[in-house]
Ligand code: SF4
């Protein structure tokens, strides 16, 4: 079997009792059979701990799970933030979910893809303090491939290089984030059309222009259309106010963001977005990490259901939505938005929206509506932001281009990069990029 994992996560170390937002608080924690069998042996001893185990585990239709406390905490989470099962029984006798989290593995025939969940604050700390590109580590072992009756074996080897190309595009800093989004959406629509026609051999020709070194792959944007972007993002944010939130403070946060945006004029929105884009000029990579995370995790699932474009649209729009939410928080925090604020925003979004199948299903369904049709999305992305200066509109300005990945970044050993370089580009160095 070929195993592909992200090299950065080799450095992951659970923060344990120092965790800011432990994963030991959740709706449900199902026990795998092997661990449950081990626990039966502990229970059989009949001591006080065994009796507590009996009281803390429920069984329904042969499936055992922990009885979570009223506040969602695991019954074995101790006051010092440590796991009592881990402390008493050792690391090998905690359930599979806890042992593996935050890593996850997905299998596709002879391939296993390993990633790490962004709902873990420590994973996000690692990701956000390493501006460099994700590096994929490939190894092979003798494990037999998993066979799936619904896997499209013809598509799998041909979609792999396409998925990898999408990951490259997401991380290519030669394009602005908007251009990246435009390229991903347009290319994904073409890939979807090829898949729908089962003309899989055409996939290679779609990514060939990128392999020749063109960051846009010959793809262009559209003429700008006034206000499309502002209307679209207002709609998207409003949609988020209707989702299911486990924590009240997160529901309140989204509704606060919407209430900040709602009364703004289109000009004010554009000015906010532009100022925030400048503020984040050297931290745009944070959004690319999110984009990469979803594309890496979800795109290969196309081999099971044939759906490629909807997954790219989901990844792109949640990324842009996080940008919008970030800019609204930045506004309400006196124009400050630290990497820690970003970690909190990403983590809460991952837990409340991305990890909640109900919210994900609703978002997928809504994004399929005419309000988010491809031509509208492309117009919204092509729409320039005009910065008002002294009452007059300045040059149409694209989102500032990030620093290219240069030799300096490559020379810096990754281990020593603790905080991303955050330098504000002076206003007079603004690139005067025009709409694509
Ligand atoms: S959320 Fe991450 S860092 Fe926190 S306890 Fe869980 S695995 Fe450890």
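Bear in mind these aren't lab numbers, they're just calculated from the coordinates by the rules spelled out. Owing to the predicted nature of the structure, the values given are computational and were not obtained by experimental measurement. Cβ: placed from backbone, ideal geometry, glycine included. Neighbour counts: every protein chain shown.
Quick rundown of the values:
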quantity: With Cα atoms, 0 to 90° folded angle of helix 177-196 axis to the chain main axis; calculated: 70
quantity: Residues 382, 56, sorted so that the one with the fewest Cβ neighbours within 10 Å comes first; calculated: 56, 382
quantity: Label-point gap, in nm, between residue 49 and residue 73 - each point 7 angstrom along Cα→Cβ; calculated: 1.9
quantity: Nitroxide proxy distance, nm - points 7 Å out along Cα→Cβ at residue 17 and residue 266; calculated: 5.7
quantity: Simple spin-label estimate for residue 362 and residue 151 in nanometres, 7 Å along Cα-Cβ; calculated: 3.4
quantity: Euclidean distance of C-alpha centroids, the stretch 333-348 and the stretch 143-191, integer Å; calculated: 29
quantity: Global form of the stretch 27-74, assessed from the alpha-carbon gyration tensor, a/c cut-off 1.5; calculated: oblate
quantity: Peptides ranked, highest mean first, by Cβ atoms within 10 Å: ranges 240-249, 135-144; calculated: 240-249, 135-144
quantity: Principal-axis tilt of helix 309-332 within the chain, Cα atoms, nearest 10 degrees; calculated: 80
quantity: 235, 133 arranged by Cβ crowding within 10 Å, fewest neighbours leading; calculated: 235, 133
quantity: The chain: angle of helix 285-298 to the longest principal axis, Cα-based, in degrees nearest 10; calculated: 60
quantity: FRET efficiency, residue 59 to residue 144 (Cβ-Cβ, R0 35 Å, nearest 0.05); calculated: 0.65
quantity: Shape category assigned to the chain from the gyration tensor of Cα positions, a/c cut at 1.5; calculated: prolate
